[in-house]
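Peer 1: The structure is given below, and queries will be raised subsequently.
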């Protein structure tokens, strides 16, 4: 999200972008998804004895449409980038992917060696590391092409 | 890949931002091409050459064989 605020792209090719130039699907999708995700998570974790089965799954799936909206916005933003900024994204993912792979493989082995407490090591705790590794990859890639 | 883009742009009195707008890319991309940190695609290289009115080999020089 921060990246899209910093990086210019078509049709607004100036170096200073504002939130208004973001694709509406991303502009609305991100806050809606984040709000729904954390609200649902807090509610599900706070109500372990709440409604069972299908109802809980239905609640857990509530953020999904907003995530799809955000995904649409991200794809549209990618389409508006010029070739160098697409290259930056590619290099960021090329760094992030193996980092995530090693992280998950190591976690898998540790889990075999010693069962991990799902309250601390569930999927809901792991996905932020994926964003972190992408951010690190992005920082490296952007550094390479920064102004000189 | 060596390029004379900075010199050619200066000759025409264009800023990086102006050239970027004409090419439909970001100013950062123009800067990276000029400082030879980013090699443009063939399509963008041809657009640049067409814009400055020179053959592509007068704007960019590949590694010597």
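Peer 1: Between the range A:73-148 and chain B, how far is it from one alpha carbon centroid to the other, in angstrom?
Peer 2: 32 Å
Peer 1: FRET efficiency for residue A:61 and residue A:132, Cβ-Cβ distance as r, R0 = 25 Å, nearest 0.05?
Peer 2: In this case the efficiency is close to 0.50.
Peer 1: For the range A:82-148, what are Rg and Dmax over the alpha carbons, in angstrom?
Peer 2: 15.3, 50
Peer 1: Here's something else I'd like to know. Most mobile of A:53, A:122, A:73 per a Gaussian network model of chain A (Cα springs, under 10 Å)?
Peer 2: Looking only at A:53, A:122, A:73, the largest GNM fluctuation is found for A:53.
Peer 1: While we're looking at this one, here's another question. Along its three principal axes, how long is chain A when you only count alpha carbons? Whole Å, largest extent first please.
Peer 2: Cα spread of chain A along its principal axes, largest to smallest: 55, 36, 18 Å.
Peer 1: Between residue A:76 and residue B:39, how many nm apart are label points set 7 Å from Cα along the C-beta direction?
Peer 2: 3.5 nm
Peer 1: How large is the helix-only mean residue ellipticity at 222 nm for the protein assembly as shown, computed as the sum of -39500 (n - 2.57) over DSSP H runs with n ≥ 4, divided by its residue count, in deg cm²/dmol to the nearest 500?
Peer 2: On the way: 12 runs with 148 residues, N = 213.
It comes out at -21500 deg cm²/dmol, rounded to the nearest 500.
Peer 1: Right, something else. Once the Cβ-Cβ distance between residue A:93 and residue B:6 is put in as r, and R0 is 25 Å, what FRET efficiency do you end up with, to the nearest 0.05?
Peer 2: 0.25
Coordinate-derived values only; no laboratory data. Source: prediction; values computed, not measured. Positions of Cβ are generated from backbone atoms using ideal geometry, with glycine treated the same way; all protein chains shown enter the neighbour counts.
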